[in-house]
Amino acid sequence: MCGIVGAVAQRDVVDILVEGLRRLEYRGYDSAGVAVVSPTGELQRIRRLGKVKELSDAVKLNPTVGGTGIAHTRWATHGAPTTENAHPHKAGRVTLVHNGIIENFAELKAEMEAEGRVFESQTDTEVVAHLLDHKLTAGLAPLDAFKATLDRLTGAYALAVLIEDEDELILGARRGSPLVVGWGEGEMYLGSDALAVGPFTQKISYLEEGDYVAMTRLGAQMF
Ligand code: GLU
């Protein structure tokens, strides 16, 4: 169980994300990564093996501009600690981070491979990105596709999700791994715990088991 941070704001969020990850370092991890949507809608993803410091150095070298983003520290359960297995994972329109274990990932992965989908990592996580992208491609709206995806998962997860062309939206979900929503002034945050978002807000909602959330910079709707 490691760390998740998300932020949606009218300013660049990468520093918020990296600071959030620093505050989650106490949980232990083997790699770290970040994904941010640029003002022109492009997704920038940076992943590094090792410390959050490696990631923040990489971010300094590759300035990451944009107001919607997610970040992760990984403690490998499925697939070695490598850059390819570091989160965020991508499939089609979907980019996401995950803490926990998807117990039925092998069966879901076989199903997605039968659809012609090609996997880039050895993680259990990547299958969630493919499942969600598959449902979006089938025409479901983001929230419906997310709900339908969560319904297929067994195991434990905290998730934070970006969807291409939904530039100011972050989806989150909690089952078996903690996740909190932080309320800022015209900006919103996600974090594994209150500590992660502590420098930015003291107003916190704790997701309960089975909850999922749709968050923009103006607020969050929980289901
Ligand atoms: N099971 C996932 C993986 O191995 C997530 C691990 C975690 O909680 O960081 O990539």
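The values are calculated or read from the model by the stated rules, or taken from the named source; none is laboratory data. This is a predicted model, so every value here is computed, not measured. Heads up, the Cβs are rebuilt from the backbone with ideal geometry, glycines too, and the neighbour counts pull from every protein chain shown. Keep in mind that these areas ignore ligands, DNA and RNA; they rest on the heavy atoms of the full protein, side chains included. Shrake-Rupley method; radii C 1.70, N 1.55, O 1.52, S 1.80 Å.
For this structure, a couple of remarks:
- Hey, Ala214 farther than 21 Å from Asp12 by Cα and touching a helix residue (DSSP H, G or I) at 6+ places or on another chain (Cβ under 8 Å) or not: no
- Test: residue in the range 178-194 that is closer than 28 Å to Val65 by Cβ, away from the ligand (no atom under 16 Å from the Cβ) and among the charged types (D, E, K, R): yes
- Test: residue in the range 104-115 that is open to solvent by 40 Å² or more (accessible area, probe 1.4 Å) and under 16 Å from the mean Cα position of the chain (by Cα): no
- Of the residues making up the range 1-19, those that are open to solvent by 50 Å² or more (accessible area, probe 1.4 Å) and either of a type outside the set (A, V, I, L, M, F, W, C) or more than 16 Å from the ligand (Cβ to nearest atom) (or both) number 5.
- The set of residues from the range 25-42 being closer than 23 Å to Arg217 by Cβ and crowded, with 19+ Cβ neighbours inside 10 Å comprises Gly33, Val34, Ala35, Val36, Val37.
- Residue that is nearest to Trp75 (Cα to Cα) [pool: residues in the range 117-148 that are away from the ligand (no atom under 16 Å from the Cβ) and among the β-branched types (Val, Ile, Thr)]: Val118
- Scanning the range 44-103 for residues that are within 16 Å of the ligand (Cβ to nearest atom) and open to solvent by 60 Å² or more (accessible area, probe 1.4 Å) yields a count of 11.
- Counting only strands (runs of 3 or more DSSP E) wholly contained in the range 128-223, the ones carrying 1 or more residues that are out of contact with any Leu (no Cβ under 6 Å at 6 or more places or on another chain) and open to solvent by less than 10 Å² (accessible area, probe 1.4 Å) occupy 155-163, 170-175, 180-183, 188-191, 212-216.
- On inspection, Arg22 does not qualify as crowded, with 22+ Cβ neighbours inside 10 Å, of a type in the set (Lys, Arg) and not in a loop (DSSP other than H, G, I, E, B).
- Scan of the range 104-127 for residues that are of a type in the set (A, V, I, L, M) and outside any helix (DSSP H, G or I), ordered by number: Val118
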